[in-house]
Amino acid sequence: MLTAEAVEHYRQSGYHFPLSVLSAAETALCRARLEAQEVKLGGALSGALRQKPHLLFPWLNGLIRHPSILDAVEALLGPDLLCWSSSFFIKEPQAPGYVSWHQDATYWGLSSPDVLTVWLALTPANEVNGCMKFAPGTHNAPVGHHDTFDKDNLLTRGQEITVAVDEAQTVAVNLQPGEASLHHVLLHHGSAPNRSADRRIGYAIRYIPAYVRQIAGATDSATLVRGRDAFGHFEHEAAPDADLSEAAVAQHAAVTQRQAAVLYRGTGKTTFRA
Ligand code: NI
């Protein structure tokens, strides 16, 4: 569980880190599994495969249920928890990919700001390789966003906030491999390109309490990871039985197609970018 001080810091500032989740050996195993899969697929996970990969690979479905993560999330969101989504944020060495300053809530269609992201580092994350930066205390209200669809922007729409960011007030989220950060769905955050010689790999996991609902008009689904769901606002997803099994791929395709319809609503796009 988080300490009372950590919970209070999260309430005041909109984030908490570092949270120790995996040992060095466990983290190395995760990276090796991801990279073995990339070799099999002939390249980095593309398009919809980056979204909700916990529905495709049992080892990731285990990771979203990691007790150290869920204990921390429970301290902030209560005992009945669903994993709404997950995605990899991978920056290749010396690549131009970046994330503009944004709030996560903007296009997610969720009914409440009681939503948080756990960002788990599978490599070091630092200011050389483009770690996240947070703007403390910016999580109390939604602000306007402008969609850029910039090709190097790793966000679905390249969306960025329309208010100024005071860089001097921001915090660099330095993490060691196996550590995670937690951030509120309204916290202003972004990250620069990777200027290092190694990949920067993060796995972002989004959690909601069971009372949250999808209000963007679409049927939505999620994975119950702790406690019980007395509300039934989301269809419950099945864990994959094997890497990329036929059943897992079929469920994942249906789920991510619906998710793309929510995230890209109003743009004319219907599938995740490559
Ligand atoms: Ni974000």
Of the residues that make up the range 107-121, is at least one of a type outside the set (Ser, Thr, Tyr), touching a Gly at 6+ places or on another chain (Cβ under 8 Å) and more than 16 Å from the ligand (Cβ to nearest atom)? no
Determine, yes or no, whether Asp220 is crowded, with 21+ Cβ neighbours inside 10 Å and modelled with pLDDT under 95. yes
So, in the range 1-32, of the ones that are of a type outside the set (S, T, N, Q) and touching a Gly at 6+ places or on another chain (Cβ under 7 Å), which residue ends up surrounded by the fewest Cβ atoms within 10 Å (Cβ to Cβ)? Ala24
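Yes/no matrix, rows are residues, columns are (1) more than 16 Å from the ligand (Cβ to nearest atom); (2) free of Cβ contacts under 8 Å to residues at least 60 places away in the same chain:
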site	(1), (2)
Leu154	no, no
Ile161	no, no
Asp166	yes, yes
Leu175	no, no
His184	no, no
Gly190	no, no
Asn194	yes, no
Ala197	yes, no
Tyr211	yes, no
Could you check, for the range 93-104, whether at least one of its residues is under 23 Å from Glu237 (Cβ atoms), touching a residue at least 24 places away in the same chain (Cβ under 8 Å) and touching a helix residue (DSSP H, G or I) at 6+ places or on another chain (Cβ under 8 Å)? no
Given the criteria closer than 22 Å to Pro193 by Cα and either buried (at least 18 other Cβ atoms within 10 Å of the Cβ) or in contact (Cβ under 8 Å) with a residue 24 or more places away in the chain (or both), does Glu35 qualify? no
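The values are calculated or read from the model by the stated rules, or taken from the named source; none is laboratory data. All values reported here derive from a predicted model rather than from experimental measurement. All Cβ positions, even for glycine, are placed from backbone atoms using ideal geometry, and neighbour counts span all protein chains on display.
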